[in-house]
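Undergrad: After the structure tokens below, expect a handful of questions from me.
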Amino acid sequence: MSIFEIDIKKSKPDNLSQIFFGMGCFWGAERKFWHLDGLYTTVVGYAGGHTNDPNYEKVCTGTTGHAEVVKVIYDEKKNDLNDLLKIFWESHNPTQLNRQGNDTGTQYRSIILTDQKNLINKLEKSKEKFQKLLTAKSLGTIHTEIKIIKNFYVAEDYHQKYLYKNPNGYCGLKGLEVNYS
């Protein structure tokens, strides 16, 4: 079964891991992970805010506190967390506050959310590592939030795998051309 055929409303299989990345519009963020060998699936949604049951219209008002995020469900036996972090750091501009390219608003902020407290230190160290690389090139200060996820709300069906269904759809993601490795 391909990643595009999995029922995203079902629970994650116990043998797999998950992490949540916000790096601008979730359409492009989701697509960045599709090539991973150990990928089970991606699910776009809303997280990091303070309201229950957000939807796209509410999130776009900037009053919910939620970011557009992609839940990446993967097999740690095939992909190390560092493989995912490389994609995250290299695929967007974490120095932009509440925006990515032409997309502006708090929903487009850079954020990493995890359900595993023991990962916070590793995630913070990855941020420090990338900041050193950016500082060496005078590219600014990272604004990425890193925290424990409280709730994840699945986005509307028409947003799921959007760029698979609409291969010529808009994606404003652009990295800083700095290699994380």
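Laboratory data are not the source of any read-out in this text; all were calculated from the coordinates shown. A quick note: this is a predicted structure, and the numbers were derived from the prediction, not measured. A quick note on method: Cβ atoms are made from the backbone with ideal geometry, for glycine too, and the neighbour counts reach across all protein chains shown.
Undergrad: For the stretch 81-90, take each phi angle, set θ = phi - 60°, evaluate the Karplus expression 6.51 cos²θ - 1.76 cosθ + 1.60, and give the result in whole Hz per residue in order, putting x for glycine and proline.
TA: Going residue by residue, I get 3, 4, 4, 6, 5, 4, 4, 4, 5, 7 Hz, with x marking Gly and Pro.
Undergrad: What is the fewest-to-most order of Ile3, Ile111 by other Cβ atoms lying within 10 Å of their Cβ?
TA: Ordered by Cβ neighbours within 10 Å, fewest first: Ile3, Ile111.
Undergrad: Can you say what percent of the DSSP beta bridges in the stretch 17-165, counting only those with both residues inside, are antiparallel? Round to 5.
TA: 85 percent
Undergrad: Which three numbers, in whole Å and largest first, are the semi-axes of the equivalent ellipsoid of the chain derived from its Cα gyration tensor as √(5λ)?
TA: For the chain, the ellipsoid semi-axes come out as 22, 20, 16 Å.
Undergrad: Taking K and R as +1 and D and E as -1, what net charge do the other residues with C-beta under 11 Å from the C-beta of Val70 add up to?
TA: Summing Lys/Arg as +1 and Asp/Glu as -1 gives +2.
Undergrad: Continuing with the same structure: Assuming 0.36 nm per residue, please report the length gained on full extension of the stretch Cys60 to Lys117 beyond their Cα-Cα distance.
TA: Taking 0.36 nm per residue and subtracting the Cα distance, the gain is 17.6 nm.
Undergrad: If exposed trypsin sites (Lys or Arg not before Pro) are those in a DSSP loop with at most 15 other Cβ within 10 Å, what is the longest stretch of the chain that has none?
TA: Numbers: sites that count: Lys9, Lys10, Lys77, Lys78, Lys137, Lys150, Lys174.
That gives 11-76 as the longest site-free run.
Undergrad: Give me Cys25, Cys60 ranked fewest to most by other Cβ atoms within 10 Å of their Cβ, as a rough exposure proxy.
TA: Cys60, Cys25
Undergrad: For the modelled label position 7 Å from the Cα of Asp157 along Cα-to-Cβ, which residues of the stretch 22-59 have backbone nitrogen atoms closer than 17 Å?
TA: 43-45, 56
Undergrad: Related question: Counting only GluC sites (Glu not before Pro) that sit in a DSSP loop (anything but H, G, I, E, B) with at most 14 other Cβ atoms within 10 Å, what is the longest stretch of the chain containing none of them?
TA: 77-155
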